[in-house]
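The structure appears below as structure tokens.
FYI, it's all coordinate maths here, none of it is from the lab. In this text, all values refer to a predicted model and were calculated from it rather than measured experimentally. Don't worry about glycine lacking a Cβ; one is built from the backbone with ideal geometry, like all the others, and counts go over all protein chains shown.
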Amino acid sequence: MRKSFVAGNWKMNTDSSSSVTLVKDVISGCSEIAGESVDVAVCPPFVYLQAVANAVSATHIAVGAQDIFYEQKGAFTGEISAGMLKDIGCSYCLCGHSERRHVIGETDELVNKKVSAAINGGLLPIFCVGELLEQREASQTEEVVTRQIKAGLAGLHNEKASAVTIAYEPVWAIGTGRTASAQQAQEVHALIRGLIGQIYDNELAQQIRIMYGGSAKPGNAAELMAQPDIDGLLVGGASLKAEDFLAIIRAAA
Ligand code: PEP
């Protein structure tokens with residue numbers, strides 16, 4: 001049985017005061033279910049990670065980074081390593097979010113290095129995949145997602161891959177208000193679970209969590225979570241309002 005998982009990606013939002021207020025509101029609204037019937041994480045901007053990590057210490061809310069660099073230390077100006085994130089209390093990190101792939105230009109190869117570095121550094125990667133609108137319209141969803149999954153997990157044996165949570169985030173649904181239908185999402189989640197079975201084995205395929213992301217909100221969370229292969233939700237915009245994020249957490253619990 002896979003435990004539900006809801007993570008909030010705050011992207012480049014909040015400030016030093018509102019980041020702490022937001023996480024405190026989340027803590028007080030879900031303390032009875034977080035870590036019990038649902039795992040909950042928030043992913044603030046790098047500069048507020050420490051403050052948010054301090055606020056969640058001694059709670060069951062986890063903290064994740066929105067990105068990492070794949071080297072451990074050294075002359076990599078501006079970059080942050082898995083070890084540094086672990087040091088300040090992070091448990092998770094997003095790898096290959098579509099905004100990093102399509103705005104910053106991250107490749108499958110780079111995402112693979114980040115997933116691997118996260119695991120080696122003791123973090124739990126949330127490895128994001130998903131097709132562009134034109135790729136869906138050209139019936140390339142299966143091909144694109146298969147390529148991203150195989151490339152992103154390349155070189156990871158079973159034990160390491162078991163640390164990964166996969167997030168299926170169709171790019172056309174992110175921040176657009178246009179959610180994939182529960183059926184569209186379920187189809188791709190089933191494809192991904194099948195791929196994990198092929199690359200690894202059925203045991204890992206049944207164990208690995210696959211979240212959906214893309215305009216998840218209180219009104220569609222329950223229907224998405226009712227799909228057999230949707231194990232959680234990666235939430236962008238709606239995670240910035242405690243009330244909405246809490247409603248999504250409750251729907252997933
Ligand atoms: C995201 O940033 O991963 C995301 C899913 O954003 P939104 O919920 O705003 O579409």
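Seen from ASN54, the other residues with C-beta closer than 14 Å to its C-beta sum to a net charge of 0, counting Lys and Arg as +1 and Asp and Glu as -1.
Which residue, ALA238, ALA75, ALA117, has the most motion in a Gaussian network model of the chain that connects Cα atoms within less than 10 Å? Largest GNM mean-square fluctuation: ALA75.
Annotation: amide H of ASP39 within the under-5 Å range of SER4, PHE5, VAL6, sequence separation 5 or more or interchain, hydrogens built in the peptide plane.
Of HIS97, HIS60, HIS189, the residue with the greatest mean-square motion in the GNM of the chain, using alpha carbon springs below 10 Å, is HIS60.
On the principal axes of its alpha-carbon atoms, segment 1-125 has extents of 41, 38, 27 Å, going from largest to smallest.
Per-residue ellipticity at 222 nm from helix content only, as computed over the chain with -39500 (n - 2.57) for each DSSP H run of at least four residues, stands at -12500 deg cm²/dmol. Taking GluC sites (Glu not before Pro) across segment 1-103, the ones in a DSSP loop with at most 16 further Cβ atoms lying within 10 angstrom of their Cβ are GLU32, GLU36, GLU71, GLU79. For the chain, rounded, prolate or oblate, judged on the Cα gyration tensor with a ≥ b ≥ c (square roots of eigenvalues), a/c < 1.5 rounded, else prolate if a/b > b/c? Note, shape of the chain comes out rounded. For the Cα trace of segment 178-219, dividing Rg by the Kirkwood Rh returns an Rg/Rh value of 1.07. Across segment 117-182, the relative contact order, built from alpha-carbon pairs under 8 Å that are at least six residues apart, equals 45 percent. List the relative contact order of segment 41-142 as a percent without decimals, with contacts defined as Cα pairs under 8 Å and 6+ residues apart. Taking the mean separation of contacting Cα pairs over the length of segment 41-142, I get 25 percent.
When the Cα centres of segment 186-229 and segment 35-86 are compared, how far apart do they sit, in Å? Cα centres, segment 186-229 to segment 35-86: 24 Å.
Going 7 Å from the Cα of GLU71 in the Cα-to-Cβ direction, what parts of segment 81-103 have a backbone nitrogen less than 16 Å from that spot? Once the point is set 7 Å along Cα→Cβ of GLU71, 81-84 turn out to lie under 16 Å by backbone N, inside segment 81-103. Each of ALA190, ALA62, LEU246 was placed along the dipole of the chain (beta-carbon charges, centred on the mean Cα), and the one lying farthest toward the positive end is ALA62. For segment 5-145, a simple Cβ point-charge model (Lys and Arg +1, Asp and Glu -1, everything else neutral) yields a dipole of about 480 debye relative to the Cα centre. In segment 1-105, a dipole from Cβ-located charges (positive for Lys and Arg, negative for Asp and Glu) runs towards its positive end, and of VAL20, GLN72, CYS30 it is GLN72 whose Cα lies farthest in that direction.
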